[in-house]
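Following this message is one structure expressed as structure tokens.
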Amino acid sequence: MMKILIIDDDQDDQGFFVEAMQEIGDINVMSLSDCMNVTPFLDSHHTFDAVFLDFNIPGINGKTCLSEIKAHPRYKNVPVFMLSGSVSEKDFSDFFEAGAQRFIVKPTTHAGLVNSLKGALQHLDEKPAKDNFVIAL
């Protein structure tokens, strides 16, 4: 069974994410609503197969949180997918340079979310490339 962590402050988005992952397959999803305690949380859990991280979260923002995850010894090679409804080209570049696996522009439909997440999960073992970094449907 695949283990996924979602970090998103929007409880509705967390629910949509869990529903979409369950539709995709046998996937165990855990969630956090912020990054304030991400390091102790990661310390207390076995390694996840992937992390999905919202770009716009209060407190410690997505960029800082990505850096904390990538600095964790057990998570430096775990794929982290960034999520956001809106972002600039500079943000895409910054997240690519910081080690994110892909950037997913949050779709507005359930079917779009399922398709975006399926696409992301197909890239778990690939080295990110700038020319296919953004997943948008």
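The values are calculated or read from the model by the stated rules, or taken from the named source; none is laboratory data. Since this is a predicted model, take the numbers as computed values, not measurements. When we count neighbours, we look across all protein chains shown, and the Cβ atoms used for this are built from the backbone with ideal geometry, even at glycine.
Here's the yes/no breakdown for (1) in contact with a helix residue (DSSP H, G or I) (Cβ under 9 Å, 6 or more places away or on another chain); (2) assigned to a loop (DSSP other than H, G, I, E, B); (3) within 17 Å of Met2 (Cα to Cα):
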residue: Phe16; (1), (2), (3): yes, no, no
residue: Glu23; (1), (2), (3): yes, no, yes
residue: Ser31; (1), (2), (3): yes, no, yes
residue: His45; (1), (2), (3): no, yes, yes
residue: Asn56; (1), (2), (3): yes, yes, no
residue: Ile60; (1), (2), (3): yes, yes, no
residue: Leu66; (1), (2), (3): yes, no, no
residue: Val78; (1), (2), (3): yes, yes, yes
residue: Thr108; (1), (2), (3): no, yes, no
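Before we move on, is Val38 modelled with pLDDT of 95 or more and either surrounded by 15 or more Cβ atoms within 10 Å (Cβ to Cβ) or within 12 Å of the chain's Cα centre (by Cα) (or both)? Break it down into steps so the answer makes sense when it comes.
Numbers: modelled with pLDDT of 95 or more: no; either surrounded by 15 or more Cβ atoms within 10 Å (Cβ to Cβ) or within 12 Å of the chain's Cα centre (by Cα) (or both): yes.
Here the answer is no, as Val38 does not meet what is asked.
Just give me the residues in the range 80-102 being surrounded by 21 or more Cβ atoms within 10 Å (Cβ to Cβ), part of a loop (DSSP other than H, G, I, E, B) and not aliphatic (A, V, I, L, M), in sequence order.
Initially, the range 80-102 is screened for residues surrounded by 21 or more Cβ atoms within 10 Å (Cβ to Cβ), giving 80-83, 95, 100-102.
Filter again for part of a loop (DSSP other than H, G, I, E, B), leaving 100-101.
The one that is surrounded by 21 or more Cβ atoms within 10 Å (Cβ to Cβ), part of a loop (DSSP other than H, G, I, E, B) and not aliphatic (A, V, I, L, M): Gln101.
Output the qualifying pairs, or none if there are none: Cβ atoms under 6 angstrom, residues six or more apart or on different chains, first residue in the range 106-134 and free of Cβ contacts under 8 Å to residues at least 40 places away in the same chain, second residue surrounded by fewer than 16 Cβ atoms within 10 Å (Cβ to Cβ).
Pro107/Leu137; Gly112/Leu137; Asn115/Leu137; Ser116/Leu137
Same structure, new question: Provide a single number: the residues in the range 77-94 that are modelled with pLDDT of 90 or more and either more than 20 Å from Ala50 (Cα to Cα) or in contact with a Gly (Cβ under 8 Å, 6 or more places away or on another chain) (or both). It would help to see each step written out before you state the result.
Of all residues in the range 77-94, those modelled with pLDDT of 90 or more come to 77-83.
Keeping just the survivors that are either more than 20 Å from Ala50 (Cα to Cα) or in contact with a Gly (Cβ under 8 Å, 6 or more places away or on another chain) (or both) gives 80, 82.
So the answer is 2.
Just one of (1) over 18 Å from Leu32 (Cβ atoms); (2) surrounded by fewer than 18 Cβ atoms within 10 Å (Cβ to Cβ) trips up Thr47, so point out which.
It is condition (1) that Thr47 fails.
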